[in-house]
Amino acid sequence: MRRRRAAVAAGFCASFLLGSVLNVLFAPGSEPPRPGQSPGPSPAPGPGRRGGRGELARQIRARYEEVQRYSRGGPGPGAGRPERRRLMDLAPGGPGLQRPRPPRARPLPDGAPGWPPAPGPGSPGPGPRLGCAALRNVSGAQYLGSGYTKAVYRVRLPGGAAVALKAVDFSGHDLGSCVREFGARRGCYRLAAHKLLKEMVLLERLRHPNVLQGDCQSKGKMKVPISGSDEAKTRIRTGEELYGYCYQDSEDIPDTLTTITELGAPVEMIQLLQTSWEDRFRICLSLGRLLHHLAHSPLGSVTLLDFRPRQFVLVDGELKVTDLDDARVEETPCTGNADCILEFPARNFTLPCSAQGWCEAMNEKRNLYNAYRFFFTYLLPHSAPPSLRPLLDSIVNATGELAWGADETLAQLEKVLHLYRSGQYLQNSTAGSQAEYQRLPDSTIPQEDYRCWPSYHHGGCLLSVFSLAEAVDICENHAQCQAFVVTNQTTWTGRQLVFFKTGWSHVVPDPSKTAYVRASG
């Protein structure tokens, strides 16, 4: 009987797993678009379709006007746009970009603005940016993923820099559902591409270290050789939000838009839970700084309507928002408090309606609660230094109850950083050890490792310390620790990395390390 039950349970689990895999593989937008493959003719509008070309034109104009609103206040109207090129073949070993061909006249839906849109005041100017010419000889193209609207690829430029390319996903949900409803493939592409254009404008306007950029800050200034035209001396400069962008022809769609942005690693929460508290706190601090910036941005208070870990990436340990096409700047209008209900799956909040007829701080509060439920509650308190936990708990509780705004939340996170970086958190937590350790300069212990958690090294116990006294205290609190090795490597807060060992039977010279072994007796 037990074997039968076990067999039934195993069969159920196997079928569930197989169904999940099939759902992932064949869900809309889960497959990368195949460059060069025609998706087939667009269906003609039928009598059962909702609306018509006029409704499509209305939606295009609404998105166009939204982009124009966000772009006001930037470079002057003389800003140009890159040259037109055909879409590069992303397949490995493909032919790359072909010669440009002259633009063709094409009919537009009634009432829709022209495409590509005329450069607005905030559109990127003709300065040193990567354009279509930079995409002629890229290598190592790799599909990274796609959502409802965009597909993202990783490529390597001729100069060696790895960047991300974003383009409308031709097999994605947004384009597919629009074509099914309106039967106008080119108009539907323009509707979807305006989300990509909106994201490009917001990346320009929301300049901040925790907004996806193209500044290559970790590598400094880097020359990128580009062949042809006036772009031969293009640089990727510190402080730019985008590497560049390009209008190209793809399949039967003229002037498709591709943006070239900074490349980051996806946020994997399971992996983050296995990292050190110091690195997890850095992510929360990055998020706090980002939300403070969004609450006081040049455009006003910005909210991220699609706020999930997948909308962020990690660049050298810093959290950066990468998906801005669903960001909203306008606050919610209201006539009373009943119109200002902030709804989440677990609970709702009612915010006050201001005398001006806007829900007070709704954009800011939405961002804060999403930060609490997706990041703070998991990453902040877990395995933190005991003396910091009361302050961290207050941050988690206050954001979970929306008792603080972005200003107070960031102030408390910065306070935690100061206490941790200055070593003040150790005043009440380190009693001091009576054990004595012998110092062995310019030496290391290559073996005799043991595992501890959390560790920067999976095969050993590698932790960061503020001082030698903290290293001694940690060794005294690990039953198997008999020695430790101080390296010359530091973390982002300036703390030194230390290996903790079970003994010192084999000591070897190493000018970059200092070993400390427990004195006998």
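Kindly establish whether G187 is at pLDDT 80 or above and at positive phi.
No.
Is segment 334-345 home to any residue that is of a type in the set (A, V, I, L, M), out of contact with any strand residue (DSSP E or B) (no Cβ under 9 Å at 6 or more places or on another chain) and farther than 30 Å from V507 by Cα?
no
I'm checking my understanding of the structure. Among residues of segment 190-201 that are touching a helix residue (DSSP H, G or I) at 6+ places or on another chain (Cβ under 8 Å) and at pLDDT 85 or above, which one is surrounded by the most Cβ atoms within 10 Å (Cβ to Cβ)?
R190
How many of the residues in segment 354-381 are in contact (Cβ under 8 Å) with a residue 40 or more places away in the chain, farther than 16 Å from L413 by Cβ and assigned to a loop (DSSP other than H, G, I, E, B)?
1
Just one of (1) over 16 Å from the mean Cα position of the chain (by Cα); (2) open to solvent by less than 10 Å² (accessible area, probe 1.4 Å) trips up L294, so point out which.
L294 satisfies all of (1) over 16 Å from the mean Cα position of the chain (by Cα); (2) open to solvent by less than 10 Å² (accessible area, probe 1.4 Å) except (1).
On the basis of being open to solvent by 30 Å² or more (accessible area, probe 1.4 Å), modelled with pLDDT of 85 or more and out of contact with any Ser or Thr (no Cβ under 8 Å at 6 or more places or on another chain), does R180 make the cut?
Answer is yes for this residue.
Can you tell me which residue among V508, V465 is under 30 Å from F376 (Cα atoms), open to solvent by less than 50 Å² (accessible area, probe 1.4 Å) and among the aliphatic types (A, V, I, L, M)?
V465
Output the residues belonging to segment 324-350 that are closer than 16 Å to R308 by Cα, open to solvent by less than 20 Å² (accessible area, probe 1.4 Å) and either among the β-branched types (V, I, T) or in a loop (DSSP other than H, G, I, E, B) (or both).
L324, D325, listed by residue number.
Taking the conditions exactly as written (assigned to a helix (DSSP H, G or I), at negative phi and without any contact (Cβ under 8 Å) to a residue 24 or more places away in the chain), does Q271 satisfy them or not?
Yes, satisfied.
I'd like to verify a number: residues in segment 274-304 that are of a type outside the set (S, T, Y), farther than 13 Å from D407 by Cα and either in a helix (DSSP H, G or I) or free of Cβ contacts under 8 Å to residues at least 24 places away in the same chain (or both), how many?
Residues that pass the stated criteria total 8.
Just to be sure I understand, how many residues within segment 305-323 are outside any helix (DSSP H, G or I) and within 28 Å of R389 (Cα to Cα)?
Count: 12.
Could you tell me how many of the residues in segment 493-503 are in contact (Cβ under 8 Å) with a residue 60 or more places away in the chain and open to solvent by 60 Å² or more (accessible area, probe 1.4 Å)?
Final tally of qualifying residues: 0.
Looking only at segment 362-383, which residues are in contact with a Pro (Cβ under 9 Å, 6 or more places away or on another chain) and modelled with pLDDT of 90 or more?
Matches in segment 362-383: R373, F374, F375.
The values are calculated or read from the model by the stated rules, or taken from the named source; none is laboratory data. Values in this document were obtained by computation on a predicted structure and should not be read as measured data. Here the Cβ is made from the backbone with ideal geometry for all residues, glycine too, and neighbour counts use every protein chain on show. SASA here: full protein model, heavy atoms, side chains in, ligands and nucleic acids out. Shrake-Rupley method; radii C 1.70, N 1.55, O 1.52, S 1.80 Å.
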